Structure formats: C-alpha cells, structure tokens
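Structure record follows, encoded as structure tokens.
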Amino acid sequence: MKLKNLIIISFLLLTSFGCSNKSENSIKEKNLNNKEGIVSLTSLTSDIIYTLNPNSLIGIPGSSILKKNNDFKNIPTISEGRMPPNIEKIISLNPKLVIGSEGFHDKTLERLDQLGIEVLKTKVNSWLDLISLINKISEITKSDNKLVLEKLRACFIDPSPKDKKVVVLVSTKPLLSPNNQSWAGSLLEKFNLKNLTADLKGSGRMKGYLNLSPEWLLKEEPDNLILIKFGNEQYNQYSSLPFWNDLKAVQNNKIDYFDYYGLINVGSLNSINNTCEKLESL
C-alpha cells in the first residue's frame, strides 16, 4: 500500500509542475493570429488560453478540474485521466501550437516537434513562473492579460505580516512536504508564512518535495499544520499516526485543510485564487 500511494503521489506532483523563462526558448518564435488553434496539455494553460481568447483553444486534457467547468464542455479532449496525450488526436486537430508541461509531456512534445508542429514547454514552480506563463500566452494569442489577472485578484493584495511557522503535509505514506523549489513553497513565502521545510533539499525527480520523519516534526514544532485534501486521504489517516497527538499544532487545534488543486497542483485560475484567499486568512 505504501508503494502504491507513493507512486500515485509522485505522478500527481509531477503533473503539477506545469512556465519558466528558461523553457520559453523551446518555442520557435512565430506570429500566431487569433484564428490559429492551440492544443493545451494542462488544465492551467487551458484556463489561461480560454480566458484570454476562447476561440484559439481547440484541444484540452481530460482533466477532472476542466470537466467540472461547463466552459470547456464543447472543446475536444486529447487525453483522459492519467493517460498520456493521444498524439493521433492532437494531429487530427491540426494545431499551430501545442503547449505542455516540462518533465511530464517531454516525449509527446518531442514527437510533435519532429512532425513539424510548434511546441512550447512550460513549468510553474513559482509565482514568477506563473506571471511569465500568463504574459507568454497573452503574447501568443495577442490578448490583454488583464482578464487573467482579474481572476487572480486575491493573489495581488499586500499580504499581512505573519509570524507563523507552518508545515504542509501532502500525505502520510510518506510524510511528504514541499520546500522552496515548489509552487506551494513559493505561495507560502508570498503570503509571509514561514515554511519550516523551505530550505530542506528534496531528492530524485521531485526536488521540490521531501520526506519528513516524525522525529523532525516533533523537534521543529510547527505552529500550524496544513493538510492537503488528496483523494481518500482523510484526517483519520493522520490522526492514526503514533506521534500525531504529541504535536503542538494538533494539541492547539491549529490544523488547516487545503485542496490539492491550487496549492500543490496549480490546477486552474480559480483554484489558485481560492488558495491565495485562504493563505491570507491564516
């Protein structure tokens, strides 16, 4: 069971790394007018494109977060669930540009590039990455980015001063937590929350996340614990941990629950905005 949980969590974290300035060089600059179609392989990019210029979006991933939004119901999907994008379906849409996530859609984008289709790799590991991505897509679609920024209004407020030491727990098996190389870590810093795992180093492909030990948690004593709502991962799975009731945050009832989309996986503009509102309220 532990191995299964770790595999699922690793997969979902990789999908959340969704545009850095370094990645922008991967697209050959080309003037794309508003009538040319774009296929997006991530929910966030799909949301940004649709907000800026809905007519330019011709293909989207079969993401649960998009399926809940009626705005996307008539747009063809090029993937389902955790399955990789269907290259044949993408080609059939005859896109002028395909935008995917670095580290997750590399093989798909490489194949499409070989077939002569323009591609753009994106990566969102920080707030600045997100702004860079919005500006890039605004440039590509020749649209005003104000429409997107308005959807993120809660993220542009001046955050209040805070003196709280926090730890974010993504799962129990393992005790996974984000550092400052992750999207979550960047948001915590933006809202003046002291992330106790910020400077700790991750390992493997998920350098923005690390495994914590019970001993470390008990020693560091965070003021607040942020737990991620993840599938069937409910509070009783945390409360059943042998050391759980020894934590000061638990004893003081300083536990906050956040959705997976918005804090761990960027998800959509709305999920990011909701997360910003909640972080400011801590």
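Mind telling me which of the residues G185, G262, G267 ends up being under 29 Å from L66 (Cα atoms) and in a loop (DSSP other than H, G, I, E, B)?
Matching residue, one of G185, G262, G267: G267.
For region 245-282, enumerate the residues that are aliphatic (A, V, I, L, M) and out of contact with any helix residue (DSSP H, G or I) (no Cβ under 9 Å at 6 or more places or on another chain). Please lay out each step first, then the result.
Here is the first cut: in region 245-282, the residues aliphatic (A, V, I, L, M) are 247, 249-250, 255, 263-264, 266, 269, 272, 279, 282.
A249, L282, listed by residue number.
Out of region 164-174, which residues are closer than 27 Å to I131 by Cβ and part of a loop (DSSP other than H, G, I, E, B)?
Passing the criteria: K164, V170.
Condition (residue is among the β-branched types (V, I, T) and assigned to a loop (DSSP other than H, G, I, E, B)) applied to region 143-160: is it met by at least one residue? Show your work before the answer.
First, the residues of region 143-160 that are among the β-branched types (V, I, T): 148, 157.
If we keep only those that are assigned to a loop (DSSP other than H, G, I, E, B) as well, we get 157.
Yes, region 143-160 contains a residue that is among the β-branched types (V, I, T) and assigned to a loop (DSSP other than H, G, I, E, B).
I'm trying to understand the selection: among the residues of region 77-132, which are surrounded by 15 or more Cβ atoms within 10 Å (Cβ to Cβ) and among the hydroxyl-bearing types (S, T, Y)?
Within region 77-132, T77, S79, S101, T108, T122, S126, S132 meet the criteria.
Name every residue in region 93-104 that is under 14 Å from V39 (Cα atoms) and either touching a Pro at 6+ places or on another chain (Cβ under 9 Å) or not small (G, A, S) (or both), in order of residue number. Quick ask: steps written out before the conclusion?
Within region 93-104, the first condition is being under 14 Å from V39 (Cα atoms), and the residues that meet it are 93-101.
Scanning region 93-104 gives L93, N94, P95, K96, L97, V98, I99, G100.
Have a look at N125, N192 and point out the one that is assigned by TED's automatic domain parsing to the domain that holds N273 and either part of a loop (DSSP other than H, G, I, E, B) or not hydrophobic (A, V, I, L, M, F, W, C) (or both).
N192
Quick one: count up the residues across region 231-259 that are outside any loop (DSSP other than H, G, I, E, B) and among the small types (G, A, S).
Our first condition is that a residue be outside any loop (DSSP other than H, G, I, E, B); within region 231-259, this holds for 233, 235-239, 244-246, 248-251, 255-259.
Going one step further and asking which of them are among the small types (G, A, S), we end up with 239, 249.
Residues in region 231-259 being outside any loop (DSSP other than H, G, I, E, B) and among the small types (G, A, S): 2 in total.
State all residues of region 85-121 that are among the polar types (S, T, N, Q) and either under 20 Å from the mean Cα position of the chain (by Cα) or not assigned by TED's automatic domain parsing to the domain that holds T42 (or both); if no residue qualifies, say none. So that I can check it myself, show each step before the final result.
Residues of region 85-121 among the polar types (S, T, N, Q): 86, 92, 94, 101, 108, 114.
Answer for region 85-121, where residues must be among the polar types (S, T, N, Q) and either under 20 Å from the mean Cα position of the chain (by Cα) or not assigned by TED's automatic domain parsing to the domain that holds T42 (or both): S101, T108.
Yes or no: R82 part of a loop (DSSP other than H, G, I, E, B), closer than 25 Å to I60 by Cβ and either aliphatic (A, V, I, L, M) or not assigned by TED's automatic domain parsing to the domain that holds N270 (or both)?
yes
I'm checking my understanding of the structure. Among residues of region 160-180 that are in contact with a Lys or Arg (Cβ under 8 Å, 6 or more places away or on another chain) and at pLDDT 95 or above, which one is farthest from I228 (Cα to Cα)?
The residue in question is K165.
Looking at (1) outside any helix (DSSP H, G or I); (2) modelled with pLDDT of 95 or more, find the lone condition where I228 falls short.
It is condition (2) that I228 fails.
The values are calculated or read from the model by the stated rules, or taken from the named source; none is laboratory data. The structure presented is a predicted model; accordingly, all values stated were derived computationally and were not measured. Using ideal geometry, Cβ is built from the backbone for each residue, glycine included, and neighbour counts are taken over all protein chains shown.
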